[in-house]
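The values are calculated or read from the model by the stated rules, or taken from the named source; none is laboratory data. Remember, predicted model here, so these are calculated numbers, not experimental data. Cβ coordinates were reconstructed from backbone atoms using ideal geometry, including for glycine residues, and neighbour counts include every protein chain displayed.
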């Protein structure tokens, strides 16, 4: 159950990258990585963010954490606008925002012990030192299912699942209110994925923090999320409660994503794919609705106008002209 309070509020977030060429490295184009993303995240809530590779999910996450600077838009954390805060002013807020990266090996320093990796944030933010820090690190190891005596081991001495548990312990060390999970289980075996996902759910119930959970696997998203947002080419095209979105997807792209999920029964005949072709280039995105080049319901209006998210039901918003009072496309 989530808290009614809003922890994170993102409004019209944009991130563009210049494309440079020639001897003088002049700007010759723009990569529209994120193009006007807006959503809220409640206290104790998990928002799943899904979409094809290259649609801007990770860029949204890194922009929210200010690991990269957004081009425009606003980021409000606990009611405070942190979009343009300088390094010194942003430092206290960084304790409230942590991230678990996709690759549990590349995100750990191979020259540091696991205990030093988990304890480093405590030292950086002056929260603990000496024996108190060692005790806190041992507690964090136990919380994520590791033994306290493993604090002296190096990352290469752990399995992939254990390394991801170290990353989770490091994220927990500063007692954040928001944890961004950037495909945290995609590099793990299926059996280990379930263990890590269940660990994340248990930790959320215990500590009450919020997750922005980025993933490709819709089954994982369905298991951990309260709400789900679907991204396509830098924009959110649909956002709804988990049960509503999976039972009644209204955007043609969301329908295509759900139809592409493999069925573990060879006797079930697969339907013809709902979309063809590849995602257009973010350097030169299509005019109007970005999905119109692959949509089987495309109308002339779709090529000229950009749809915005509109309410089509209780907490269900869709950016598609087909849903303007006409219900789900057939």
| query | Just checking, which of 199, 146 is out of contact with any strand residue (DSSP E or B) (no Cβ under 9 Å at 6 or more places or on another chain) and under 21 Å from residue 223 (Cα atoms)? | reply | 199
| remark: Given the conditions (1) closer than 18 Å to residue 121 by Cα; (2) at pLDDT 95 or above; (3) surrounded by fewer than 18 Cβ atoms within 10 Å (Cβ to Cβ), every one holds for residue 174 apart from (2)
| Exclusive hit being at pLDDT 95 or above, crowded, with 19+ Cβ neighbours inside 10 Å, in a helix (DSSP H, G or I) and in contact with a helix residue (DSSP H, G or I) (Cβ under 7 Å, 6 or more places away or on another chain), set 166, 201 | 166
| message | Can you find a residue that is on the phi > 0 side of the Ramachandran plot, within 23 Å of the chain's Cα centre (by Cα), at pLDDT below 90 and part of a loop (DSSP other than H, G, I, E, B) anywhere in the range 272-295? | response | no
| query | If you check 180, 137, 185, 196, which single one turns out to be crowded, with 16+ Cβ neighbours inside 10 Å and either in a loop (DSSP other than H, G, I, E, B) or out of contact with any helix residue (DSSP H, G or I) (no Cβ under 7 Å at 6 or more places or on another chain) (or both)? | reply | 185
| Are any residues in the range 101-134 surrounded by 16 or more Cβ atoms within 10 Å (Cβ to Cβ), under 27 Å from the mean Cα position of the chain (by Cα) and more than 15 Å from residue 158 (Cβ to Cβ), and if so, which ones? | 101, 102, 119, 120, 121, 122
| remark: Sole miss for residue 234 among (1) modelled with pLDDT under 95; (2) under 22 Å from residue 186 (Cβ atoms); (3) surrounded by fewer than 22 Cβ atoms within 10 Å (Cβ to Cβ) is condition (3)
| note | Inside the range 13-39, the number of residues satisfying the requirement of being over 13 Å from the mean Cα position of the chain (by Cα) and closer than 20 Å to residue 178 by Cα is 2
